[in-house]
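Q: Structure below; questions to follow.
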Amino acid sequence: MATVASGGATPFVGEAPSLRLRRRRLYISPCSSLSSRKFEPSVNAKPPPTRGQLRSEPDSPNPIQISRSDNGKVRREVLDRSEVAPRGIRDYIKLSRELIGSAKGSVRWFSPIESAQCREGSPLLLFLPGIDGVGTGLVRHYARLGKIFNIWCLHIPVDDRTTFEELIQYIENTVKSEKTRLQGRPIYIVGESIGACLALAVAARSRNTDLILILVNPATSFKRTWLRDISTLLDAVPDPFHVPISSLFSLLSGNYVRTTTNFKARELAMEEAIPILSEGLTDMLPSLSLLGDILPKESLIWKLKILKEASSYVNSRLHAVTCQTLILASGKDEILPSHEEAERLCTIIPNCRIRHFQDSGHALLLERGIDLVTVIKGAGYYRRTWQTDLVSDYLHPTPNEFENVSSEYRLTTFATDPVMLSTLDNGRIIRGLSGIPDEGPAVFIGNHMLMGSELGPLVTQLLKEKNILLRGIAHPFMFDRNAEMLMPDYSSFDKYRIMGSVPVSGINMYKLLAINSFVLLYPGGAREALHRKGEEYQLFWPHQSEFVRMASRFGATIIPFGVVGEDDLYNILLDYNDLKRLPFYDSLDKKLNEGPVGAVRLRSNYEGEVANQELHPVVLSPKIPGRFYFLFGKPIKTKGREKELRDRDNAQQMYLQVKSEVEKCLSYLKEKREEDPYRSIFSRLVYQATHGLNSEIPTFEP
């Protein structure tokens with residue numbers, strides 16, 4: 001049995017034998033009961049380092065300290081391969097039964113064993129459960145969350161009758177105590193359903209505390225649901241019929257194909273599908289009965305009363321919530337109108353973002369395929385100190401995250417079959433990436449194609465072939481909340497954050513080069529990526545050097561490159577000049593380039609075309625796909641030339657040299673691609689049909 005303490009004395013460790021996986025134990029760290037006003041820290045909580053210590057550990061969140069041998073060379077692994085298989089729905093059921101069977105008395109915190117492995121300086125994460133109150137809703141996420149957070153989960157025993165005000169006070173006392181102990185670190189609160197209401201209530205009363213809220217299908221919409229009237233109906237329901245009603249709650253709370261099986265959205269043969277669905281049904285039956293044990297009639301009536309009070313309390317205080325907030329909303333929530341409620345809350349809470357999950361049910365965190373750490377990383381919400389630092393707090397992608405990002409570019413990669421060429425130190429051009437150095441720091445300087453269409457193949461191929469994680473210096477628009485709200489999908493830019501992009505700034509580039517990163521920089525910026533008709537492959541660079549002196553300070557290698565192929569993929573029907581002539585476009589133009597979004601506009605004080613950094617859509621017509629061609633020029637070394645390049649004139653000369661090399665790469669590729677017999681997708685398809693789908697398609701002779 002999992003052991004818990006009923007008082008506020010010294011916390012201790014208990015063990016749940018039936019949940020033991022590879023001799024893992026469950027830490028039950030009851031920091032205090034509700035009856036005790038003295039708060040005690042968790043047994044596995046770590047003393048906070050000083051703010052200076054936190055800042056001196058730029059890569060401490062990343063478990064990538066191992067290296068491996070590759071063809072005799074030792075290199076650091078850039079993907080986080082330490083991820084383990086998440087627990088399943090059976091673990092959730094077993095853990096929940098252990099807790100409701102052994103935990104008597106008052107409200108308390110417990111900490112899963114996975115939290116014991118969190119790294120030094122990790123922030124605290126408090127999990128507030130939904131109407132079940134058990135506190136095991138994060139079970140699928142313990143393994144990954146436990147590496148970057150110190151996790152405490154709130155457990156409310158079945159027979160507990162703590163009022164809503166007392167619950168708020170209990171959580172608020174915890175927050176105040178940990179705020180004092182964890183100076184300089186934020187406190188995360190993950191709230192599910194009614195737990196989200198508790199999180200919002202605490203945030204409204206703790207405006208001077210650095211909180212980050214993650215709200216999963218918040219129950220603030222209680223008054224607009226069928227739950228509002230069900231408590232009065234339950235009084236008339238005889239006890240024998242209560243279990244079916246609780247099972248109905250459980251059935252409506254999630255997508256059971258996704259919560260109870262390892263089913264993937266792919267075509268399966270009948271003999272494969274039957275065992276998977278059978279497994280799902282086997283797991284579904286005990287989970288349907290679990291809620292009946294967690295919520296007997298009296299408890300369910302009490303929880304619905306608390307829910308009604310919580311919704312009313314929080315909605316009257318939403319204006320007081322100013323902390324960072326991330327709302328995860330299910331599109332197929334059968335209990336709450338979560339999609340619409342998330343949009344409503346986002347208009348009230350100023351520092352709020354939304355991530356929609358269109359195919360998910362109410363029990364979002366229990367569904368397979370939902371990774372809370374990936375969501376937090378993609379939204380840019382992970383930090384270990386009082387301010388966001390996308391360099392020192394960056395968490396490297398896992399193989400699964402990289403595969404998901406790569407899959408978004410799979411169609412483009414297939415249609416354009418990119419040809420990668422590089423230049424050796426002796427000036428010889430070869431096919432492949434052997435001419436690119438293996439060691440950083442390095443700065444890749446090149447031209448943008450329209451809409452940054454070269455980014456996907458560039459980043460994925462460098463990681464696959466050279467084990468290089470390219471950290472992009474990106475437009476601030478991609479990190480701005482107001483800009484995000486203009487996109488059809490609010491998570492459109494998450495993949496760039498997951499792969500390590502940072503907003504363009506001198507300090508971010510400085511930090512990246514200081515840790516020997518490979519940096520991707522486009523001097524032409526948005527003007528080049530959103531060029532007009534007839535401007536393909538023109539460079540719109542500033543007249544003065546922007547990166548040479550910074551690169552030389554760290555002895556970074558500068559790698560000029562060119563890429564062509566956009567004119568073989570689409571035609572521009574309407575560019576910015578055309579759009580401005582349309583009568584209805586003026587309002588959209590103002591949204592993109594003025595007001596809150598326009599505040600992130602770059603180079604407004606420059607002269608010439610480079611100053612025209614207006615953001616705008618582009619109307620395209622597709623072509624029969626041609627081919628992308630990349631050429632990485634001869635690496636330009638700055639190591640040993642630091643003193644020479646401090647001089648502005650010398651730095652300017654190197655800047656012009658880099659620009660000239662990019663232009664030479666473009667001219668070379670435009671000329672040589674005419675010699676490629678497989679430039680057309682049709683000729684490539686014929687080649688693959690005769691030589692195999694995985695065969696490398698030839699190109700021109702470099």
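The values are calculated or read from the model by the stated rules, or taken from the named source; none is laboratory data. Quantities reported herein were computed from a predicted structural model and do not represent experimental measurements. Cβ sites come from the backbone with ideal geometry, for glycine too, and all protein chains shown count toward neighbours. The protein model used for the area step is the full one, side chains on, heavy atoms only, and it has no ligands, DNA or RNA in it. Shrake-Rupley method; radii C 1.70, N 1.55, O 1.52, S 1.80 Å.
Q: Filter the range 530-571 down to the residues that are of a type in the set (V, I, T) and in contact with a strand residue (DSSP E or B) (Cβ under 6 Å, 6 or more places away or on another chain), then identify the one that is most open to solvent (accessible area, probe 1.4 Å). Steps first, please.
A: Let us first name the residues in the range 530-571 that are of a type in the set (V, I, T), namely 548, 557-559, 563-564.
So of that shortlist, the ones also in contact with a strand residue (DSSP E or B) (Cβ under 6 Å, 6 or more places away or on another chain) come out as 557-559, 563-564.
Numbers: T557: 20, I558: 0, I559: 1, V563: 0, V564: 0 Å².
Ranking the candidates gives T557 first.
Q: So which pairs qualify, if the first residue must be in the range 476-492 and at negative phi, the second must be open to solvent by less than 40 Å² (accessible area, probe 1.4 Å) and among the aromatic types (F, W, Y), the Cβ gap must be under 7 Å, and the two must be at least 6 apart or on different chains?
A: M478/F493; A483/F477; E484/Y490; E484/F493
Q: Another question, then. Restricting the search to the range 427-440, which residues are surrounded by fewer than 21 Cβ atoms within 10 Å (Cβ to Cβ) and either within 26 Å of the chain's Cα centre (by Cα) or in a loop (DSSP other than H, G, I, E, B) (or both)? Can you show your working first?
A: Of all residues in the range 427-440, those surrounded by fewer than 21 Cβ atoms within 10 Å (Cβ to Cβ) come to 427-434, 437-440.
Result: G427, R428, G432, L433, S434, P437, D438, E439, G440.
Q: Within the range 165-177, which residues are over 14 Å from W109 (Cβ atoms) and either in contact with an Asp or Glu (Cβ under 7 Å, 6 or more places away or on another chain) or open to solvent by less than 20 Å² (accessible area, probe 1.4 Å) (or both)?
A: Within the range 165-177, the subset over 14 Å from W109 (Cβ atoms) is 165-166, 168-169, 176.
Hit for the range 165-177 is I168, nothing else.
Q: Give, as residue ranges, the helices (runs of 4 or more DSSP H) completely inside the range 470-570 that count at least 2 residues that are more than 28 Å from I681 (Cβ to Cβ) and touching a helix residue (DSSP H, G or I) at 6+ places or on another chain (Cβ under 6 Å). First the steps, then the outcome.
A: Numbers: elements: 481-485, 494-498, 506-514, 525-529, 548-553.
Per the criteria, 481-485, 494-498, 548-553.
Q: Report the residue count in the range 346-368 for those that are at pLDDT 90 or above and touching a Leu at 6+ places or on another chain (Cβ under 7 Å).
A: Count: 8.
Q: Let me ask another. Considering (1) closer than 18 Å to D568 by Cα; (2) assigned to a helix (DSSP H, G or I), say which one K664 fails and leave the rest.
A: (1)
Q: Same structure, new question: Are any residues in the range 361-401 out of contact with any helix residue (DSSP H, G or I) (no Cβ under 7 Å at 6 or more places or on another chain) and part of a helix (DSSP H, G or I), and if so, which ones?
A: L364, V375, I376, P399, N400
Q: OK, next. Looking at (1) open to solvent by 10 Å² or more (accessible area, probe 1.4 Å); (2) assigned to a helix (DSSP H, G or I); (3) under 23 Å from E401 (Cβ atoms), which is the only condition T180 fails?
A: With (1) open to solvent by 10 Å² or more (accessible area, probe 1.4 Å); (2) assigned to a helix (DSSP H, G or I); (3) under 23 Å from E401 (Cβ atoms) applied to T180, the lone miss is (3).
Okay, residues lined up against (1) surrounded by fewer than 19 Cβ atoms within 10 Å (Cβ to Cβ); (2) farther than 21 Å from E528 by Cα:
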| position | (1), (2) |
| --- | --- |
| Y655 | no, no |
| K670 | yes, no |
| S680 | yes, yes |
| S695 | yes, yes |
| E701 | yes, yes |
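Q: Assess whether L300 counts as being more than 31 Å from the chain's Cα centre (by Cα), in contact (Cβ under 8 Å) with a residue 12 or more places away in the chain and either open to solvent by less than 20 Å² (accessible area, probe 1.4 Å) or over 28 Å from E98 (Cα atoms) (or both). Explain how you work it out, then say what you get.
A: Numbers: more than 31 Å from the chain's Cα centre (by Cα): yes; in contact (Cβ under 8 Å) with a residue 12 or more places away in the chain: yes; either open to solvent by less than 20 Å² (accessible area, probe 1.4 Å) or over 28 Å from E98 (Cα atoms) (or both): yes.
Against the criterion (more than 31 Å from the chain's Cα centre (by Cα), in contact (Cβ under 8 Å) with a residue 12 or more places away in the chain and either open to solvent by less than 20 Å² (accessible area, probe 1.4 Å) or over 28 Å from E98 (Cα atoms) (or both)), L300 qualifies.
Q: Considering each residue of the range 92-146, count those that are more than 23 Å from I301 (Cβ to Cβ) and open to solvent by 20 Å² or more (accessible area, probe 1.4 Å), and give that number.
A: Residues in the range 92-146 being more than 23 Å from I301 (Cβ to Cβ) and open to solvent by 20 Å² or more (accessible area, probe 1.4 Å): 11 in total.
Q: Only one residue in V504, V459 is modelled with pLDDT of 95 or more and among the hydrophobic types (A, V, I, L, M, F, W, C). Which one?
A: Numbers: V504 fails: modelled with pLDDT of 95 or more.
None of the others qualify; the one that does is V459.
Q: Can you find a residue that is open to solvent by 10 Å² or more (accessible area, probe 1.4 Å), within 17 Å of the chain's Cα centre (by Cα) and either under 24 Å from L200 (Cβ atoms) or among the small types (G, A, S) (or both) anywhere in the range 407-419? Full working, then the answer.
A: First, the residues of the range 407-419 that are open to solvent by 10 Å² or more (accessible area, probe 1.4 Å): 407-415, 417-418.
Going one step further and asking which of them are within 17 Å of the chain's Cα centre (by Cα), we end up with 407-408.
Keeping just the survivors that are either under 24 Å from L200 (Cβ atoms) or among the small types (G, A, S) (or both) gives 407.
Yes, that holds for at least one residue.
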